[in-house]
Amino acid sequence: MNLASLAFKSIRHRSFATTATVFSVVLSLLLLFSVERVRRSVEDSFTQTVSGVDLLVGARTGSLQLVLFSVFNIGQVTNNVSYDSYDKIHHHPDVEWTIPISLGDGHKGYRVVGTTTEFFEHYQVRSNEHLKIINGALFTEPNEVVLGAEVAEALKYKLGDKIIVAHGSTSGESFEEHADNPLTVVGILDATGTAVDRSLYVTLSAMDHMHEDAKHADDDHKGHDHEKHHDEHEGKEHDHEAHDHEHHPEAITSFFVKLKSKTKILSMQREITENKDEALLAVIPGSVLSDLWKSLSSIELVLKVISALVMVVGLVGMIIALMTSLNERRREMAILRSLGAGFSHLAKLVFLEVFLILGLSVITSAVLKVLLEMVLTQFVAKKFGLYFSGPWFSATDITMMVATVVVGLVFALFPVLVFKNKSLKDGLAVK
């Protein structure tokens, strides 16, 4: 009888112990696969929050701060960019398109973003995926608003609902509401798993009008009651007239730039940064986000260490099961030795059994990984904003599977050495 047949029969004879060992290793591998897939998804979601953009331009500040409040809507804006500077760059011969961004208002903890329809046309996330309206349409008037997926779901808004935004309110309750400028929900975006889901989008003119009204209201409070009423009436009439004529704001927060040629990125970045008319800063968003992710590598390392420890526990469990079974099989091994089987043959038998157990574990875990991802992809995307992209198995996944088999075989040396020391001295008597 050859070793392979003997190994199969031995494993089948110890079906309960084999099943428990396979189950332990499969769970460990699935945890490793899950951590790696989540890590890749989070990294892709983070570093590709915006794609297809060559430069991000704003007032002179830190590059990370500029990216945080322009892309992630995190932090406070320190200064604005004049519309004249934006318009000059917009009409630069090397520029293909630009997307202006105006911040400063919020609604129930979510940031309001003033922009143009170019945002929905050109802004992309994760490997050049465009934004999609799943319900309604884009805004066409200053009193209309488009909601991110998370905003619509969390606040239970639907098309036609009226909402009131507040100046500077991006967390907690609103404190300076633009009650005279209610906005009508006209569109809801599809979920992207990025900061886009946590924002409300209005036109640049809507943002400008709300701030003008707030300024007029502050001026009115300084006058007499009769003058205040008269000024408010005139201010409203002025705003209604302004709504009929599209106009540009005096300043915006920042803007995205797409160039006609990638070879012009560095030269354009230098030209904008060295602008003498206004202190501007141009950064490459992808580069800044990659650097920021690298700075968070310690968290990633902790996750990998935890996963590795879980795998070690699984392998140790397998070795304990092997040593227990060898102790129970001492008579069997002694009989094989007495029939002429050398130590090398029995060692090969043990290694072959370990290889078969680990091979079965790796194949089972790989199949389960694919099935679970196929079933849970939509749920995870909708519930947690994590999108599974790329191949089923990364280079890290394959490395982990190979390492599991190799490390398991190395661990198998321990029961083999124990068996060698006991050898024939046990005799054929039942212990």
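Extension gain for Asp291-Lys276 works out to 2.5 nm (0.36 nm per residue, less the C-alpha to C-alpha distance). Under 20 Å from the 7 Å Cα→Cβ point of Thr117, by amide nitrogen: which residues of the range 257-279? 258, by backbone N distance to the label point.
Which FRET efficiency value, to the nearest 0.05, do you get for Asn143 and Asp94 by plugging their Cβ-Cβ distance into 1/(1 + (r/R0)^6) with R0 = 30 Å?
The value I calculate is 0.25.
Taking 51 Å as R0, compute the FRET efficiency from the Cβ-Cβ separation of Phe355 and Lys132 and round it to 0.05.
Calculated transfer efficiency: 0.55.
Report, in listed order, any pair from Lys260/Lys294; Lys304/Lys383; Lys348/Lys369; Lys294/Lys383; Lys132/Lys162; Lys88/Lys276 with a Cα-Cα distance greater than 20 Å.
Flagged as over cut-off: Lys260/Lys294; Lys304/Lys383; Lys348/Lys369; Lys294/Lys383; Lys132/Lys162.
Each label point was placed 7 Å from the Cα along the Cα-to-Cβ direction; for Ile74 and Ser5 their separation is 6.4 nm.
Taking other Cβ atoms within 10 Å as a rough exposure proxy, Arg111, Arg12, Arg60 sort from fewest to most as Arg12, Arg60, Arg111.
Quick note: the coordinates plus some simple rules give every number you see, no bench work behind them. Because the structure is a prediction, the values reported are computed rather than measured. Glycine also receives a Cβ, built like all others from the backbone with ideal geometry; neighbour counts cover every protein chain displayed.
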